[in-house]
Every structure is written in structure tokens, then in C-alpha cells.
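Asks: Structure in C-alpha cells, see below.
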Amino acid sequence: MNLYIFSLNSAYKSMSGGDKYASELYKRFKKIDKCIITSTALRKQQYNEAGYDFEVLEITQQPPNVHQVIYYLLNAFRALFTTWSYIKKERKLNPDLKITYFSGCEYFPDIIPGYILKLFGLIDVWVISSHLIMPSAFQRYEDIYENKRHSFSILMAFNWLNQRFATFLYKISSSPKFYFGVNKEVENYLESRNIKPFPVRCGAEEVGVKAFLIEKKEYDAVFLGRFHAQKGIQFLIPIVQRVLSDIPDFKLLVIGGGDEKKEKEFKDQIEKAGLSKHIFPVGQKTGDEKMKLLAKSKIFLFPSTYESFGIVVLEAANLGLPTVAFKLPFYEDIFGDAILTADLGDVEAFGKTTVKLLQDVELQRTLAQKSKNLLKKYTWDKTFESVASVIQ
């Protein structure tokens with residue numbers, strides 16, 4: 001019998017694409033073997049709200065007013081002790097149990113338990129998933145490709161150290177072990193660290209699309225993402241201002257959020273800019289509610305400055321929404337000519353491209369069809385098959 005443990009111990013506030021990736025793998029492995037997720041009580045609550053029937057081994061609640069660095073270090077050892085105890089109990093019940101441990105990302109709470117459990121022979125297979133190349137302590141996610149130098153950041157230094165430490169522990173650990181990369185940039189990075197990467201790609205949300213199709217659109221465009229500079233939230237207001245010069249009644253729906261402070265700041269900025277009749281934030285949504293909201297818009301705006309894959313582009317494509325995005329190096333490999341792009345950080349070009357797409361219905365149809373063709377190439381079933389074929 002097999003047991004698959006999905007470590008999502010680095011869960012911090014809103015759910016990420018990495019969480020989605022692990023969740024979809026969990027659902028498929030659960031159909032054939034025993035599975036469990038180790039994570040925080042917060043993440044368990046979010047899974048329940050999203051309608052996921054997951055078995056979650058809680059490691060901790062998120063402590064209030066604790067820096068993220070301290071939080072991750074505490075979670076690393078809490079996760080180790082909790083998972084260690086769980087495995088010991090399972091081994092007593094089934095001594096021949098084969099255990100595969102998935103480190104959901106390269107942060108300490110997911111990496112340290114995986115390495116130590118492998119070192120002491122409590123797990124049989126160790127799998128790490130790499131989603132992003134961590135910037136240095138003097139870089140920021142929002143302008144990493146521009147090679148701008150910023151002041152030293154403890155958090156960025158910690159993130160960088162996490163990834164370096166992950167590759168180090170992987171190299172000194174015993175086999176069988178596998179390091180998956182979700183895009184070409186990550187694969188090249190792992191090769192530069194003398195690690196053989198196993199390519200895997202993400203997929204699209206599997207929904208009954210027809211149930212969400214809406215003839216009359218309430219919004220011209222929609223944004224979906226965390227309130228983080230990496231997701232380009234800081235560009236939304238200037239983009240809308242540029243679009244309004246050509247389309248005076250333009251309306252943007254904003255799905256997503258962060259902590260209460262960031263959400264309030266964004267709403268205050270909308271009010272200050274006099275755009276309350278043009279930008280409509282509705283908070284973080286999941287499942288059917290998210291898809292219903294996406295379907296109310298004509299096009300999808302994706303001004304991210306740094307991404308691992310861009311799962312939301314496929315989710316939008318599932319509903320026939322063409323995308324406008326900032327051009328990132330690996331997009332051509334994944335999306336090809338199925339999306340429209342503007343040079344990174346060029347708000348004027350992004351706004352013009354948005355106007356062009358909104359005013360050209362035939363172009364919308366063409367891009368929507370090309371985007372839907374991507375759904376045949378990138379599915380969660382294919383992601384699962386790629387992973388399963390390597391580790392089983």
C-alpha cells in the first residue's frame with residue numbers, strides 16, 4: 001500500500017498556485033491510494049470553504065503578530081514532529097507501507113521535514129516541487145527582470161536562502177528522490193545547481209463550463225490574484241486610467257485579496273483616484289463562485305511581473321476569456337500566441353492593448369479559441385500523469 005503525504009506547511013494567508021498544484025495532485029492520488037495533507041488550520045479552513053474534501057493533519061494555527069521568517073522556522077519543526085508521529089503510527093499498522101513525501105515548495109517548513117524524514121528512513125520517496133527562482137536579498141518580485149537593486153530585505157534574503165538550502169539538502173539526500181520544475185526557467189536554474197529537473201506543467205480548473213457561460217457581460221475586464229506586487233496589483237489603477245481615455249464606461253472586476261491592511265489600502269486608492277464606478281473589488285473567491293464571477297467579464301487582465309506558470313490564464317481560457325498580460329520570458333513556451341502581451345511594466349502599452357482587444361470582437365474570438373486549445377495541452381490529469389509516471 002502507498003501513502004502520499006503532501007506538505008503544505010508554508011501556507012501563509014491566501015492560497016497560491018503552488019497550493020492549487022498540490023491540491024489537484026492530492027485529489028488524483030487519493031483515488032488510488034491513501035493521502036493526507038499536512039498544513040495549517042488556516043489552510044484547512046480555506047480548503048473547506050473551497051469545497052475540497054481533504055484530510056488535513058494540522059500542524060499549527062498561524063500565530064498573531066509574528067514575522068513570516070519566525071513563523072516559517074517554527075512551522076518547520078512543528079511539521080517535523082507532527083508528521084514524524086503520524087508516520088510512526090501508520091507504520092505500526094502497516095509495516096510494508098511505502099510513503100512518498102511531497103514538499104509543496106522550497107521553504108523550510110516543507111523542506112526540513114522532508115529531508116530529516118528521508119534521512120531517518122521514515123519515508124521512501126522524497127519529491128520537491130519548484131515553482132519560482134527566488135530573487136536575491138537586493139531584488140524584488142515586481143521588477144526582478146529589470147535588474148533593479150533595492151535595499152537589503154531580511155524576508156527576501158530568507159526566501160533566497162530557503163531555495164538554496166533546498167537544493168543543497170536534495171543533493172545530499174539518498175534516492176529515490178525527484179525535483180520537479182514547473183517552467184523552463186526553473187528547470188534551467190536546477191540544472192545550474194547540478195540537479196536533474198523533472199519537467200511538469202500545471203493545468204486548468206476543471207468545471208462544467210456551460211453552467212457559467214453568460215451572454216450579457218457586466219464587466220469589460222477582470223483581474224484575479226493575490227494583492228501582492230508580484231501579481232501587478234499596483235498597475236491596475238494606472239491601467240484603468242489609461243483605458244478610460246478611450247472607453248469612458250470601462251469597468252474592471254477585481255477578484256482577490258491579501259491581508260485586511262492591503263485590501264483597505266487598495267480600496268482607499270480607488271476612492272482617491274475617483275474610480276469607484278470603474279473598479280469593483282469583491283475579495284477572494286474560490287470554486288464555483290470564482291468561476292461565475294470570471295464569466296461575467298469580456299477579457300482577463302494579467303499584469304503579473306513574476307510568475308511560476310499562470311494557472312489563472314487557463315482558468316480564464318476555460319470560460320472563453322482572452323488575456324492581456326505583461327510579457328514574461330517563459331510565456332512564449334507555455335502560451336505562445338494565445339495571449340496578447342505588453343512589455344513588462346509598460347502601463348501605456350498594456351492599456352492600449354486592452355483597448356485594442358475590447359474594441360475588436362473578432363480578435364477576442366480568435367484569442368479565445370487559441371486559449372481553449374491550450375486546455376487540451378495543459379490539464380490537471382496530464383500533470384498527475386507526468387508526476388505519477390516518474391515516482392511510481
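Asks: Look through segment 197-212, keep the residues that are of a type in the set (A, V, I, L, M, F, W, C) and assigned to a strand (DSSP E or B), and return whichever of them is modelled with the lowest pLDDT.
Replies: If we filter segment 197-212 for residues that are of a type in the set (A, V, I, L, M, F, W, C), which is where we start, we get 198, 200, 202, 204, 207, 209, 211-212.
This time we only want the ones that are assigned to a strand (DSSP E or B), so: 198, 204.
Details: 198: 97, 204: 80.
So, considering only residues that are of a type in the set (A, V, I, L, M, F, W, C) and assigned to a strand (DSSP E or B), the one modelled with the lowest pLDDT is 204.
Asks: So the check is Cβ under 9 Å with 6+ separation or different chains; which pairs have a first residue in segment 33-52 that's closer than 14 Å to residue 78 by Cβ and a second one that's aromatic (Phe, Trp, Tyr) and assigned to a strand (DSSP E or B)?
Replies: Final answer for the pair search is 38/6; 39/6.
This table checks each residue for (1) in a helix (DSSP H, G or I); (2) small (Gly, Ala, Ser); (3) in the same structural domain as residue 122 (by TED's automatic domain parsing).
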position	(1), (2), (3)
135	no, no, yes
139	no, no, yes
161	yes, no, yes
164	yes, no, yes
168	yes, no, yes
174	no, yes, yes
180	no, no, yes
186	yes, no, yes
195	no, no, yes
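Asks: OK, next. Looking at residue 146, is it among the acidic types (Asp, Glu) and over 26 Å from residue 84 (Cβ atoms)?
Replies: yes
Asks: Something else now. For segment 66-107, name all the residues that are aromatic (Phe, Trp, Tyr) and more than 23 Å from residue 391 (Cβ to Cβ).
Replies: 71, 72, 77, 81
Asks: If you don't mind, there's one more thing I want to ask. Have a look at 194, 162 and point out the one that is surrounded by fewer than 13 Cβ atoms within 10 Å (Cβ to Cβ) and modelled with pLDDT of 95 or more. Steps first, answer last, please.
Replies: Details: 162 fails: surrounded by fewer than 13 Cβ atoms within 10 Å (Cβ to Cβ).
Just a single option satisfies the conditions, and that option is 194.
Asks: Among the residues of segment 266-278, how many are surrounded by 14 or more Cβ atoms within 10 Å (Cβ to Cβ) and of a type outside the set (A, V, I, L, M, F, W, C)? Give the derivation first.
Replies: First pass over segment 266-278, keeping only residues surrounded by 14 or more Cβ atoms within 10 Å (Cβ to Cβ): 266-267, 269-270, 273, 275, 278.
Those still in the list that are of a type outside the set (A, V, I, L, M, F, W, C) too: 267, 269, 278.
Summing the residues that are surrounded by 14 or more Cβ atoms within 10 Å (Cβ to Cβ) and of a type outside the set (A, V, I, L, M, F, W, C) in segment 266-278 gives 3.
Asks: In addition: Are there any strands (runs of 3 or more DSSP E) wholly within segment 286-392 with 1 or more residues that are buried (at least 21 other Cβ atoms within 10 Å of the Cβ), touching a Leu at 6+ places or on another chain (Cβ under 7 Å) and not assigned by TED's automatic domain parsing to the domain that holds residue 31, and if so which? Lay out the reasoning, then the answer.
Replies: Details: elements: 297-302, 323-326, 340-342.
Result: 297-302, 323-326.
Asks: Is there any pair with a first residue in segment 260-271 that is in the same structural domain as residue 226 (by TED's automatic domain parsing) and within 15 Å of residue 234 (Cβ to Cβ) and a second that is at pLDDT 95 or above and not in a helix (DSSP H, G or I) whose Cβ atoms are under 6 Å apart and which are 6 or more apart or on different chains, and what are they?
Replies: That search, which allows pairs on different chains as well, returns 270/276; 270/279.
Asks: Could I ask something else about it? So which residues in segment 364-391 are polar (S, T, N, Q), in contact with a strand residue (DSSP E or B) (Cβ under 8 Å, 6 or more places away or on another chain) and more than 18 Å from residue 316 (Cα to Cα), if there are any at all?
Replies: So in segment 364-391, the residues polar (S, T, N, Q) come out as 364, 366, 369, 371, 373, 379, 383, 386, 389.
Adding the requirement that they be in contact with a strand residue (DSSP E or B) (Cβ under 8 Å, 6 or more places away or on another chain) leaves 364, 371, 379, 386.
386 - this is the single residue of segment 364-391 that is polar (S, T, N, Q), in contact with a strand residue (DSSP E or B) (Cβ under 8 Å, 6 or more places away or on another chain) and more than 18 Å from residue 316 (Cα to Cα).
Asks: Something else: So which residues in segment 334-366 are touching a Pro at 6+ places or on another chain (Cβ under 9 Å) and farther than 26 Å from residue 237 by Cβ?
Replies: 338, 365, 366
The values are calculated or read from the model by the stated rules, or taken from the named source; none is laboratory data. Here the structure is a predicted model, which means the values were calculated and not measured. No Cβ is skipped: glycine too gets one built from the backbone with ideal geometry, and neighbour counts run over all protein chains shown.
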